[in-house]
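This report concerns only the one structure given below.
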Amino acid sequence: MYNITSTWTGLLQQFFPIFTAPATQIFLRLITGWILCTARRTVTGLIPFADPMGLRAHDSYHRFFPDARWSMTKLWRFLTKILVQTFCQNGIITLALDDTLFHRSGRKVEGAGWWRDAVRSTKKSIVYAYGLNLVVLTLQIQPPWGGEPLGLPVNMRLHRKNGPTLIELAMEMIEEVRQWMPERLFRVVGDGFYATLAGETLNGITIISRIRRDANLYDLPPKRKKKGRGRSRTKGKKLAKLEKMAAHIQKWEKVTFRQRGKTIDRLVYTRVVLWYAVSRKPILLVISRDPDGKEKDDFFVTTDLKMTAAEVLECYNDRWAIEDTFKNTKQLLGGQQQQTFKGKGPERAAGLSFWLYSVVWLWYLNQSSGRGKFILKPWYCHKTIPSFADAIACLRHELWKERINCMFGKSAVHDKKFRYLLDALAPAA
């Protein structure tokens, strides 16, 4: 029998109150086995790494996702408060919002359906795939090494056929996170699909998004004359379409801002307008133009009229971190591979994969500079910034070290050979 008492176990212990006593040990072993697993991340694939001694029946691990008594919402709440306390103690909290498809196979997977696959679809052809359509909310943080920000998942919803829409699910998640920290202010960044959130009543929440190029925009309503008759006007004159508007702008302002770790220049034009079909409240329109003329004009909106154009562009461009989150969760954590089909199983397994992504980064960023390292490869000798693959490899290195020492003793393996063994095991996945 072995017992890993590492900083990883100490981190996971903060979530133990969510589970019953038997489920606590299953949770700890499953999550640790998920990190160490070199096979497919099915429950059967995790068990040899989670419980190599066979301390519990394999059925208990299979029942953990569909039947165990624990709440994914409480798991998200605990994680969100830890992340905010660690990385965002002051200022406005920035969240990113998007949806993704977890491909699944099986005759019947609870909550799965045929959805548009955004990765494989193009403007000319739409590709549909079978799986789980997930709406994910991430916390945007700046890592200590600079560069592109990290998107750490803090909430997730499963979109079902004939159920709440993606916009309704997004509103549920945003409101839920706001209730967890009612004293804080939030900025939520989404792509053009979620631009209509600008018309929803979300107290203390700023929405930043792209806007459709064919949107009907209006000037603010003129002031009512003292002796006028009839009701006050609710909107001003209709404005030209965005591309036509941009073509006639003469006064551009040059701004410099950070785009995913790089400093770039843009010409911008801002104007307070009404997007009457979406909201009766004014919004700030930001038009961005490439000074070199290589890229098309971009059009953004925000519900915070006091934001600068540079802040809007920086927030929106940092949204790309959520795409890296999706890629790493699918490829490096095997989020799509769980073969649980019934009840709450599919949704819980998908949610736990995103939760694990945040926790791995949390563990890695809390390590001292001497331990939070990565190995330079001969073909990438100029690398200066760690990736998620480096973070998970560093965690595996610690877990394998603890596990081998507990099972065989610190003097069982020669130090030099031991180090080579760990360096070989850590990147394996």
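The values are calculated or read from the model by the stated rules, or taken from the named source; none is laboratory data. Every value quoted in this text rests on a predicted model; they were computed, and no experiment measured them. Cβ sites come from the backbone with ideal geometry, for glycine too, and all protein chains shown count toward neighbours. Protein only, heavy atoms only, side chains kept; ligands, DNA and RNA dropped before computing areas. Shrake-Rupley method; radii C 1.70, N 1.55, O 1.52, S 1.80 Å.
Things worth noting here:
- Residue within region 92-114 that is more than 17 Å from Val188 (Cα to Cα), under 19 Å from the mean Cα position of the chain (by Cα) and surrounded by fewer than 17 Cβ atoms within 10 Å (Cβ to Cβ) present: yes
- Test: Met53 is touching a Phe, Trp or Tyr at 6+ places or on another chain (Cβ under 9 Å) and open to solvent by 70 Å² or more (accessible area, probe 1.4 Å): yes
- All positions within region 221-252 that are part of a loop (DSSP other than H, G, I, E, B), at pLDDT 90 or above and surrounded by 12 or more Cβ atoms within 10 Å (Cβ to Cβ): Leu239, Lys241, Ile249, Trp252
- Checked against the criterion of being surrounded by fewer than 15 Cβ atoms within 10 Å (Cβ to Cβ), outside any loop (DSSP other than H, G, I, E, B) and without any contact (Cβ under 8 Å) to a residue 24 or more places away in the chain, region 115-126 has at least one qualifying residue.
- Hits in region 300-348 - residues which are buried (at least 22 other Cβ atoms within 10 Å of the Cβ) and of a type in the set (Val, Ile, Thr): Val301, Thr302, Thr303, Val312, Ile322, Thr325, Thr329, Thr340
- Test: Val312 is closer than 30 Å to Arg233 by Cα, part of a loop (DSSP other than H, G, I, E, B) and not acidic (Asp, Glu): no
- Number of the condition not met by Val268 [criteria: (1) among the aliphatic types (A, V, I, L, M); (2) at pLDDT 90 or above; (3) farther than 30 Å from Trp145 by Cβ]: (3)
- Looking only at region 212-249, residues that are in contact with a Gly (Cβ under 7 Å, 6 or more places away or on another chain) and closer than 24 Å to Asn317 by Cα come to 1 in all.
- Subset of region 175-207 [within 16 Å of the chain's Cα centre (by Cα) and under 17 Å from Met307 (Cα atoms)]: Phe186, Arg187, Val188, Val189, Gly190
- Some residue of region 271-286 being out of contact with any Pro (no Cβ under 6 Å at 6 or more places or on another chain), within 26 Å of Thr196 (Cβ to Cβ), open to solvent by 50 Å² or more (accessible area, probe 1.4 Å) and part of a strand (DSSP E or B): yes
- Any hit, region 398-419, residues being under 23 Å from the mean Cα position of the chain (by Cα) and modelled with pLDDT of 70 or more: no
- Candidate set: region 202-220, residues that are more than 30 Å from Met181 (Cα to Cα) and of a type in the set (D, E, K, R); chosen: the one surrounded by the fewest Cβ atoms within 10 Å (Cβ to Cβ): Asp214
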